[in-house]
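A quick write-up on the structure given underneath.
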Amino acid sequence: MTQSRLDLAFPDGHPGGEVLVIGARAADPLTSLDPARTRILQGHFPDHRALTERGWRVDPAVQGSFDLVLLFLPRAKAAARAAIADAAERLRPGAALWIDGQKTDGVDAILRELRTLAPVDEVHSKAHGKIFRVTMPSGDWLPAEWGAARTEIAPGFVTGPGVFSADGIDPGSALLVAHLPERMPTRVVDLGAGWGWLSAQVLARPGVEQMHLVEADHASLQLARRNLDDARLHFHWADARDFRLPDPVNGVVMNPPFHEGRQADPKLGAAFIATAARLLTGAGRLWMVANRHLPYETVLAQHFGQYHEIGGDNRFKVIEATGAGKGQADRRANPANTVRRRR
């Protein structure tokens, strides 16, 4: 979203009344809006934290109705439709829903669909995107399938629109599970736990006494709470890149993300590796899966004394690492720390 598009929509500043903004990201310019009369619905923890630090009122879940809703269109079509249906339920007939999105995220397709369903005007194009206004009709004007229905994709596991691997078990996670040991450590962290399938497979193995699920997406974490019922579980809505625990653990599992929006960003996975090393005891073990082309070995060498590939295929590699805090970076800081690295 660019400030120029928001200025085209609201040339006189705040449009009046109580405004709900859905999906604003950390750096989105919102200066046309009045923070005192604006709520932001954002369930992605890093964006939630950054917007809060900027002085906005931000929540991962919001109740009530509003005079106007501004929706930043998510990339996935199912998530976009569900967000529109959610926004519509918060507005009275005649109220305005403004939708902003990039062409690469499907804004043109959503605009075409909505033109067949409701009055649409104030269409502004700028910076490879559009912002437009939908005037709320009365009655049930949206197709029923646009709602955020949960889908059971495996026995006992449901997902929702827009969450990672919403349509089925991620093949990388399945490959990782196939290479985990029969007996797991006593204290395990799942970094980027999603809706909980990987954690469930870890819990099914003997040995686990305590398990921490760390997930930045609030909707995914809520699904994990629904999918898993185990007294050993601790749920953390947090950014895995700077997550900490008061006491170290002896096991970490993870299938780290490597995209920020549409852009590949291996630094995300690198930050997950650094967190895993910080959480683990020196004798603890990391098990991770990654796309084969991602160059994580250099990062592993920085933070772990040993790492090696224990499985994989032409798409993924499964890596086990140990000797946290005894990698190359740590040896430079303390030459006495020397542990053999296995590749």
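Per-structure values
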item	result
Out-of-range pairs (alpha-carbon distance over 22 Å; input LYS77/LYS103; LYS77/LYS267; LYS77/LYS130)	LYS77/LYS267
Dipole moment magnitude, nearest 20 debye, the chain about Cα centre, only Lys, Arg, Asp, Glu C-beta charged	1200 debye
Carbon/sulfur fraction of accessible area - region 1-82, other protein chains in place, 1.4 Å, %	52 percent
Loop sites in region 189-245: trypsin sites (Lys or Arg not before Pro), DSSP, at most 10 other Cβ within 10 Å	ARG244
Coil-residue trypsin sites (Lys or Arg not before Pro) of region 65-108, DSSP, other Cβ within 10 Å capped at 12	none
Net charge of Cβ neighbours under 14 Å - reference LEU20; Lys, Arg +1; Asp, Glu -1	-2
Neighbourhood charge, 13 Å Cβ-Cβ cut-off, centred on LEU228 and excluding it, Lys, Arg +1 and Asp, Glu -1	-1
Separation between Cα centres of region 5-35 and region 213-245, rounded to whole Å	31 Å
Among ALA200, VAL19, GLN222 the positive-end extreme of the charge dipole of the chain (Cβ point charges)	ALA200
Per residue solvent-accessible surface (Å²) - the chain, probe of 1.4 Å	45 Å²
Mean ellipticity per residue at 222 nm, deg cm²/dmol - from DSSP H runs of n ≥ 4 across the chain, formula -39500 (n - 2.57)	-7500 deg cm²/dmol
Within the chain, longest stretch free of exposed GluC sites (Glu not before Pro) [DSSP loop, at most 16 other beta carbons within 10 Å]	19-181
Rh by Kirkwood over Cα pairs, then Stokes-Einstein D for the chain at 0.890 mPa s and 25 °C, µm²/s	112 µm²/s
Beta bridge orientation in the chain: antiparallel %, DSSP, nearest 5	50 percent
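The values are calculated or read from the model by the stated rules, or taken from the named source; none is laboratory data. Not measured: the values here are computed from a predicted model. Reconstructed Cβ throughout: ideal geometry from the backbone, glycine too, with neighbour counts over all protein chains shown. Just so you know, the surface numbers come from the protein's heavy atoms only, side chains and all, with ligands and any DNA or RNA stripped out. Shrake-Rupley method; radii C 1.70, N 1.55, O 1.52, S 1.80 Å.
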